[in-house]
Every structure is written in structure tokens, then in C-alpha cells.
1. So what's the angle, to the nearest 10 degrees on a 0 to 90 scale, between helix 142-152 and the longest Cα principal axis of the chain?
2. What's the exposure ranking of 303, 111, going from fewest to most Cβ atoms within 10 Å?
3. In the range 79-222, what is the volume of the convex hull around the alpha carbon atoms, normalised per residue and reported in Å³?
4. What's the whole-number percent of alpha carbon pairs in the range 250-341 lying beyond 18 angstrom?
5. What FRET efficiency, computed as 1/(1 + (r/R0)^6) with R0 = 22 Å and r the Cβ-Cβ distance, is obtained for residue 314 and residue 71, rounded to the nearest 0.05?
6. Measure off 7 Å from each Cα along the Cα-to-Cβ vector at residue 222 and residue 243, then give the distance between these two points in nanometres to one decimal.
7. Using Cβ contacts closer than 10 Å as the measure, can you line up 310, 163, 140 from fewest to most?
8. Please work out the FRET efficiency for the pair residue 276 and residue 215, using the Cβ-Cβ distance as r and a Förster radius of 45 Å; give the result to the nearest 0.05.
């Protein structure tokens, strides 16, 4: 008897093998082969999403790759925390600070959105840079990310990316500003408020202008800030994996913390066998549901960088997550069964 998980995997594999072949036979005398077949499978999946989806895939050892909307800009949401970490590691290497340096949190350091630090009693919390990184990457803590971004500077993050030849990633705002912009709140007016004070100000704003939040949400993905193309993010992942970011030790540190990511379990990891490791970073905000990471294929078959970005999605978040999971499964099956060919 198959378990539920094994049945799901079995059905996924059957569908990936037979369904594309059936439709290709019915609609065209030419059946897509190789990576083009994988691309057509992914295109069929994302066609069912009410919104726009971009995908970049690359097997890092063989160089085989594909992209769908690979050069389109998408809001990164919390995926931007990976470029921030890259700059943090560079400045540590340059001797500006260390992983063990400690930072005392103030009430104004507790920011909107995901994480744990905003629930703590402040003052009284002191964290090392290392633990701020862990909070930022493992549970996507926005307060930790903003402390680190302010410390290293957004301009330095972007300049560092350009030095690696990565043009289509821009980091412009803290999580606090990004969320406030998406909510239609004037950041410059309220940026120095505590969370409690900001909550009161937001309720007042909503009462005075109830349409502001809805209008801001609709315009969010059109603002060319904190955006990346799937292909550009995949390139950054490749550089980290190949130990070309800072140095070998720093790159391995980044990979190790990404392997501990606790968010987005139903995205890239959602349909993969439980023993498969994935070093990744998720992002979510409104109609943005993202995941970018590296799938570690078993049996020494290599590693696959996969970035899936979305924007303006109207489907429930769990439905978009399922599409991301199915993309990752198609990618896993394709490379697992073809790399040795």
C-alpha cells in the first residue's frame, strides 16, 4: 500500500511523464524534448495563476537552464534579505564589524510584519549580528532585517550587486517603509513612531481616507523599488553556491543559514521528498508570493537554483504556494532522472 505522500509523488511523476506527452501528441507533431519539455510543463502551471509568475531554473553543475518571464521585474518582498546578507558578509570581511558584535534594540527598532523581535519587551534585548542574521533569514524577521540594512546601507547593497555584474536587483527600502508604502501610510511622517503609536496613526488614517490602503496595494507592484528579475536572483544564488561571494567561508555561512529557513514550507519544499535539502529564502506581501533557493539533489546529482516570483496574484496564497511546489517537483524530477544521461 502506498502512503499518501508516496501516492502524491507517484501521481506527480506520472503526470510529468504522460500528460505532456499526450497533449503534445494531440496538439503538435513535435514533442518538446529535454529542458524545453520542462519549460512547457512550467508554462502550463503558471498559466493557471491569476496574476503574473516568473521562473528561473539552472542546474549549477551542468549549466542547463530555462526561464519563463525570467527578465521581468517582480517585487522581492522578503527575498531582498539575501542581498542584504551578502553585503553584511562583505562588510564583516572588510573589518567594519564582526558576527559577534552586539546591538541593543530600542522600541523604534520593532517594526511591522513578520518575525519575533517585535513581540519582545524593549528595552532589555541585546543581540549579536550573528543572531540578527539568524532571525532575518530563518524566520524572516523584519525588525532584524531593518537593523542590518540600516547598518550596511541600501546603496552599498546595490553597489555590491553591480560589482558582481547583477543589474536587475535593487534594494531601496527597509521592511518598515516597504510595508507602510503598501498600506498607503506616509513613511516620512510616521517613521519615528513605535509600533503602538503607528497602529493608532494607521487607524486614524484609515478612518480619514479609507481608499488609501486599497489604492496603495494596487500600485505596489508598479513601483520600481525593491524588485528583481527571476534570472538575476538565480545568478546571485549561483554565485553564493560557487563560493564566489566574499570568500568560501562567507559563502558557506550564507548557504548554511539558508538551509535552516523555517518559512514557506509549502513552497519550493512543499512537494519534494522530505530528505531533500533546500537552501532558500521566501517573500510574501499582498499579491506577492515568492521563493528562491537551491535544491540539493540526492545521489550526487548536483544542485539546482530555482527562483519563483509572482505579483498581482488574486488566487489564495495557498494556491500560489502549491504552484511553486509543483514547479519545484517538476524541476527535481527532470534533473534527477536526466543529469546522468
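A short reminder: the numbers here are calculations on the coordinates, not readings from a lab. No experiment lies behind these values; they were computed from the predicted model shown. FYI the Cβ positions are ideal-geometry reconstructions off the backbone, even for glycines, and counts take in every protein chain you see.
1. The angle comes out at about 80 degrees.
2. In order of increasing Cβ crowding within 10 Å: 303, 111.
3. Considering the Cα atoms of the range 79-222, their hull volume per residue is 108 Å³.
4. Roughly 43 percent, rounded to a whole number.
5. E between residue 314 and residue 71, to the nearest 0.05, is 0.40.
6. 4.8
7. Lowest to highest Cβ neighbour count: 163, 140, 310.
8. On the way: r = 42 Å, r/R0 = 0.94.
The formula returns an efficiency of 0.60 here.
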